[in-house]
Amino acid sequence: MKSILKAAAVLSLTIGGTAIAASAATHGYVGQRLASKAKVTMTRASAIALKAHPGRITDKELENEGGGSGLRYSFDIVSGGKTFEVGVDARTGAVLENKAEGKNPD
């Protein structure tokens, strides 16, 4: 009975992992479903963020969040051994946030 439960758990994890991987491959980044509401592309927003804070982007997403137009790209940028969060308004391209991440990052 234990071997059947283990096999079921492995199968479940495998199927779940495949679904997550397929979802990431389809969407490219968190919040991509909101891209039709943005006037600034992810590529352009990335360039704006890197100009505001040069470094290496390690995470990116598009989200509804207060400030600016309410739709923003959020980037984690590693620079000098620290992680910075840079927010770019997805409708205007304005930099809304450019600060070091605190102890409890989003």
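Each reported figure results from applying straightforward, stated rules to the coordinates on display, with no laboratory input. Please read all numbers here as calculations on a predicted model, not as lab measurements. Note that each Cβ is placed from the backbone with ideal geometry, even for glycine, and that neighbours are counted across all protein chains shown.
Evaluate the charge dipole of region 26-99 about its Cα centre and quote only its size in Debye, nearest 20, assuming +1 on the Cβ of each Lys and Arg and -1 on the Cβ of each Asp and Glu.
That gives region 26-99 a dipole magnitude of about 260 debye.
Would you kindly calculate the translational diffusion coefficient of region 63-106, applying Stokes-Einstein with the Kirkwood radius from alpha carbon pairs, for 20 °C and a viscosity of 1.002 mPa s, and quote it in µm² s⁻¹ without decimals?
Estimated diffusion coefficient is 199 µm²/s.
On a full-extension model of 0.36 nm per residue, what is the gain between GLU63 and ARG33, subtracting their alpha-carbon distance, rounded to one decimal in nm?
The GLU63-ARG33 span can extend by a further 9.8 nm.
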